[in-house]
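The values are calculated or read from the model by the stated rules, or taken from the named source; none is laboratory data. What you see is a predicted model, and the numbers here were worked out from it, not measured in a lab. Reconstructed Cβ throughout: ideal geometry from the backbone, glycine too, with neighbour counts over all protein chains shown.
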Amino acid sequence: MTVVVIVVVVGIAGCTDDTACNFDPAATCDPDNACLELDSCGDCGGIGIAGCTDDTACNFDPAATCNPDNACLELDVCGDCGGSGIAGCTDDTACNFDS
């Protein structure tokens, strides 16, 4: 008598890369390259672009889709975007130059 034993190995599909944002510790194979990375907005597998999303800011970026680091800046009194000029501006090209 001949006995035939068939062993079926069932894999669990998912991301097997433990550095990926969607890592699945139960996964045993990754047939569809399912692993994803964080985009610049912090979304797993997203396509976000970090930057200033406030259209009134001097460094507004129309391509930006998120502002995760409060990236928007204002003009200082000397007219510099994000500058630290104070009253009594020493920039001789500014309209409020204080000699």
Notebook entry, point to check: How many residues does region 61-80 hold that are in contact (Cβ under 8 Å) with a residue 12 or more places away in the chain and within 23 Å of L38 (Cα to Cα)?
Noted result: 10
Checklist line | Matching residues, region 7-42, being of a type outside the set (S, T, N, Q), assigned to a loop (DSSP other than H, G, I, E, B), in contact (Cβ under 8 Å) with a residue 12 or more places away in the chain and under 30 Å from N70 (Cα atoms) | finding: A20, C21, F23, C35, L36, E37, C41, G42
Next item on the list: For region 1-49, enumerate the residues that are touching a strand residue (DSSP E or B) at 6+ places or on another chain (Cβ under 6 Å) and within 26 Å of C81 (Cα to Cα).
Entry: S40, C41, G48
Check: Restricting attention to region 50-79, which residues are at pLDDT below 90 and out of contact with any strand residue (DSSP E or B) (no Cβ under 9 Å at 6 or more places or on another chain)?
Finding: N70, D76, V77, C78, G79
